[in-house]
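The values are calculated or read from the model by the stated rules, or taken from the named source; none is laboratory data. Here the structure is a predicted model, which means the values were calculated and not measured. Virtual Cβ from ideal backbone geometry, glycine too; neighbours counted across all protein chains shown. Accessible surface is based on the protein model in full, side chains and every heavy atom, while ligands, DNA and RNA are left aside. Shrake-Rupley method; radii C 1.70, N 1.55, O 1.52, S 1.80 Å.
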Amino acid sequence: VVKLERLGPVNMLAVEEHEEESQRLAFLSEQREDLVEARDDLRSAIREINKTATDLFMDTFERIRENFRSTHQRLFEGGEADIWLEDPEDPLESGVEIHASPKGKTTQRIDLLSGGERALTALSLLFGIYLVKPSPFCVLDEVDAPLDENNIGRFIRLLQDFADQTQFVVITHNPRTIEAADWIYGVTMEEPGVSTIVGVKLQEALQAAGMA
């Protein structure tokens, strides 16, 4: 009797409350299991996406690398060029190192090249990327501005090599680049304050002028 008195008042609803709490525990446990399963599925999906993205990136990167090398050799008529990842263990977050050494030079750092050499190196990388999946149109804005007469010729030949698969729109003030174009478009002001776009097919204009 003394022991029973020490227990205090008996909760007559204990059975019902236990049942309710048991049901709530079962519900929360099920919810937790669902969340854990969803978390694991998400982590698995992320790993799969990262693997696929890494494989695609590395495949594309290697193709760009080979194209960059060959285009650099073509533009510089020799020399060496290469690109590599700063952190090969984490290619999706890694920076990219660029090495370029024109023919007859041992310079490796891009910032030690001349303005024209840097422009040709940038064009080599640009076309290295372009060649992976050529586009029907390509717009180049004043990319030939830093080039001297010799390098302009290389740049023009590069465009002509790919002109059969891509239409190049080149914004330029260089006379040699303009002469190499099929069509020339310019802006003229025949009347004060009124601009007009004029297009000329170069070959026809030269024939009309008796120059071709």
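Quick notes on this one:
- Residue that is out of contact with any Gly (no Cβ under 6 Å at 6 or more places or on another chain), at pLDDT 95 or above and surrounded by 12 or more Cβ atoms within 10 Å (Cβ to Cβ), where the choices are PHE61, PHE76, PHE68: PHE61
- If you go through the stretch 77-117 and keep only what is touching a helix residue (DSSP H, G or I) at 6+ places or on another chain (Cβ under 8 Å) and in a loop (DSSP other than H, G, I, E, B), you end up with GLU77, GLY79, PRO91, LEU92, PRO102, LYS103, LEU113.
- Per-region count, the stretch 114-129, residues within 21 Å of GLU62 (Cβ to Cβ) and open to solvent by 70 Å² or more (accessible area, probe 1.4 Å): 2
- Any hit, the stretch 130-142, residues being β-branched (Val, Ile, Thr) and buried (at least 16 other Cβ atoms within 10 Å of the Cβ): no
- Condition met for SER124 (free of Cβ contacts under 8 Å to residues at least 40 places away in the same chain and of a type in the set (Gly, Ala, Ser)): no
- Residues of the stretch 23-48 that turn out to be closer than 30 Å to VAL132 by Cα and either open to solvent by 100 Å² or more (accessible area, probe 1.4 Å) or β-branched (Val, Ile, Thr) (or both), as a count: 3
- Listed by first and then second residue, the pairs linking a residue in the stretch 171-184 that is in contact (Cβ under 8 Å) with a residue 12 or more places away in the chain to a residue that is open to solvent by 90 Å² or more (accessible area, probe 1.4 Å) and assigned to a helix (DSSP H, G or I), with Cβ atoms under 8 Å apart and 6 or more places separating them unless they lie on different chains, are ARG176/GLU149; ALA180/GLN160; ASP182/GLN203.
- Look at the stretch 92-113: where a residue is free of Cβ contacts under 8 Å to residues at least 12 places away in the same chain and surrounded by 13 or more Cβ atoms within 10 Å (Cβ to Cβ) and a partner is among the polar types (S, T, N, Q) and outside any loop (DSSP other than H, G, I, E, B), sitting 6+ places away or on another chain with Cβ atoms under 7 Å, you get THR107/SER101; GLN108/SER101.
- Any hit, the stretch 49-56, residues being open to solvent by 100 Å² or more (accessible area, probe 1.4 Å), out of contact with any helix residue (DSSP H, G or I) (no Cβ under 8 Å at 6 or more places or on another chain), in a helix (DSSP H, G or I) and more than 30 Å from GLU89 (Cβ to Cβ): no
- Picking from residues in the stretch 118-156 that are of a type in the set (Phe, Trp, Tyr) and assigned to a helix (DSSP H, G or I), the one that is farthest from ARG69 (Cα to Cα) is PHE155.
- Pairs with Cβ under 8 Å, 6+ apart, first in the stretch 51-80 and more than 18 Å from ALA100 (Cβ to Cβ), second aliphatic (A, V, I, L, M) and open to solvent by 60 Å² or more (accessible area, probe 1.4 Å): ALA53/LEU92; THR54/LEU92; PHE57/LEU92
Residues are listed down the side, and each one gets a yes or a no for (1) among the aromatic types (Phe, Trp, Tyr); (2) farther than 28 Å from GLU80 by Cβ; (3) in contact with a Phe, Trp or Tyr (Cβ under 9 Å, 6 or more places away or on another chain):
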| position | (1), (2), (3) |
| --- | --- |
| GLY116 | no, no, no |
| THR121 | no, no, yes |
| PRO136 | no, yes, no |
| ASP148 | no, no, no |
| ILE171 | no, yes, no |
| VAL194 | no, yes, no |
| VAL198 | no, yes, yes |
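- Picking from residues in the stretch 144-167 that are open to solvent by 40 Å² or more (accessible area, probe 1.4 Å) and within 22 Å of the chain's Cα centre (by Cα), the one that is farthest from GLU62 (Cα to Cα) is GLN167.
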